[in-house]
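The values are calculated or read from the model by the stated rules, or taken from the named source; none is laboratory data. The structure presented is a predicted model; accordingly, all values stated were derived computationally and were not measured. Ideal geometry is used to build each Cβ from the backbone, glycine not excepted, and the neighbour counts take in all protein chains shown.
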Amino acid sequence: MKKYLVLIILVMSVVLVLAACQPQTVEVTRVVTQTETLTEEVPVEVTRVVTETETVMEEVEVTRVVEVEGEPMERTVINFWSTDNDPGRPDVYEAIAARYMEEHPEVDIRILPITEAEVSTRIATAQAANRLPDIVRMGIERVAAFNADGILDQDAAAAVISAVGEDDFRDGPLAMVTDPSTGGYAAIPFDGWIQAIWYRSDLFDEAGLNPPISWEDINTACDTLPGTENLLYAIGLGTDPGQNYGHQIFEQVAISNDAWPFDEDGNVTMNTPEMIEALTFYTGLQRCAIPGPQYWQGAREAYQLDQSGMLFYSTYIMDDLVDGSSTDDGNIQIQVEDLPGNTGFAPEMVGPNGSASYGQLVTLSIMEGADPAAQDVAEYFLTEGYQEVLALAPFGKVPVLESAVEEWSNSSDYFANYNPETLAQIAGGYDTMQRWLFRPDYGPAERAVVGDIEGRLLIPTVISNIALEGIMTPETAAEFLQTEVENMLAERQAEAEGG
């Protein structure tokens, strides 16, 4: 049994010109689609093309149907720069962006991975070219400087925070992004981490060492650990002048000695006895540290390879202590049995004139001139895509939203490798975090200069000059910093008066 469905399409192989209604021979192509039963109860559609010759006796009006592509949809491009650039992480951002674009085909999100160290220079270049990105994922230390430059959209940040739910954000992160001069939000809190000294608790116990919390105990460990078991060095230290890792460590050291870049009246205080003492202590640790310019990668690998007994690192390290950190050639093969179980966590540092803990808040900053769609994209990453971002490194991405904590705390099997006390310190880290930037008596100019100090890598530069190059002493380095910071403050104040 056969059923025929005939669709006739006239295709003229020659131009038909009829005169005086003379008979003309025309080729007509018919496309015939039929359904045949080729095997029992399995109907199959079969299409045949049949060309026939017909004679026509009259003028023929031929209508051609031409398929024309429609006008392409005009898409809004959102340039999203992200410092979450470790291998595999940009892929997750791309996947979240792809889902958003599927739901919003009028928006084209372009993820550009960049390094934290190059944020300031890349933004400066983009600003000079009048081509700022729309969204930048970056550390809080950049926010004050960019806010003072007038290139952050506070209204857009406030709109996103309101859309997500202001009450859902933890108080600490919101305070960190608040502009003291306007009371508005300069950026949107995203995630963060806590810094600590991670140390080989098994070897500390074996050597009778106290946990590396006080300067005195850190110095004692520095002199004791090299040569213990397989250890070549006591610590991995930040000495690379091109990386802000050294700044992050030094800032905690400085605060633990009550050394700050400004006093409560806004005077520059980079050459105080407390600052000189902090520089002396920090650079003195080079005697037991990994040689050469170092930053977090070398410090992390030496610890995993059983070559050093301490390192300064954020909570990002915790999964790497289980699996080994990734490299271009695969993961580092950890050389210590049960490294997480044999690792202690010391987030607090006690110095001669105080104590300090240190951490980082990462923000989504919407730049001035960004398309309004950037607000919706930022909100999407804080809601629909948030847990996926946190899951990239749960220990290094502590959520800023109260509603996200429970799912985050169950998001990884790695949590089982650490004791409850350590996990509690991590989850509550925003409450005790200290930074030069967060001193409450600093105004916009001082906060901007703190961001400039880190953005221009002043601290890593002097650390390298003291510890590696030997061309500065702590005293001459402090005087250099005093002059540089005074000049930067004058520039910022002049900009504020001129603006």
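Observations, loosely collected:
- Residues that are among the hydrophobic types (A, V, I, L, M, F, W, C) and within 22 Å of Y386 (Cβ to Cβ) do occur in the stretch 141-154.
- Given (1) under 26 Å from S120 (Cβ atoms); (2) part of a helix (DSSP H, G or I), index of the condition G266 fails: (2)
- Matching helices (runs of 4 or more DSSP H) fully within the stretch 69-177 where at least 3 residues are out of contact with any Gly (no Cβ under 6 Å at 6 or more places or on another chain) and loosely packed, with under 13 Cβ neighbours inside 10 Å: 89-103, 119-128
- In the stretch 413-430, the residues that are surrounded by fewer than 17 Cβ atoms within 10 Å (Cβ to Cβ) and modelled with pLDDT of 80 or more: D413, A416
- Of G246, G238, all but one fail to be small (G, A, S), part of a loop (DSSP other than H, G, I, E, B) and touching a helix residue (DSSP H, G or I) at 6+ places or on another chain (Cβ under 6 Å); the exception is G238.
- Subset of the stretch 183-199 that is closer than 21 Å to Q375 by Cα, under 16 Å from the mean Cα position of the chain (by Cα) and of a type in the set (A, V, I, L, M) - its residue that is surrounded by the fewest Cβ atoms within 10 Å (Cβ to Cβ): I188
- Any hit, the stretch 263-281, residues being of a type outside the set (A, V, I, L, M), within 30 Å of the chain's Cα centre (by Cα) and under 21 Å from Y358 (Cα atoms): no
- Members of the stretch 256-274 found to be hydrophobic (A, V, I, L, M, F, W, C) and surrounded by 24 or more Cβ atoms within 10 Å (Cβ to Cβ), listed by number: A259, M270
- The residues on offer are V350, V389, V377, and the sole one that is in a strand (DSSP E or B) and either buried (at least 23 other Cβ atoms within 10 Å of the Cβ) or at pLDDT 95 or above (or both) is V350.
- Single residue of N487, N465 found to be assigned to a helix (DSSP H, G or I) and loosely packed, with under 14 Cβ neighbours inside 10 Å: N487
- Selected residue (criterion: farthest from the chain's Cα centre (by Cα)) from residues of the stretch 318-363 that are more than 18 Å from A234 (Cα to Cα) and hydrophobic (A, V, I, L, M, F, W, C): V350
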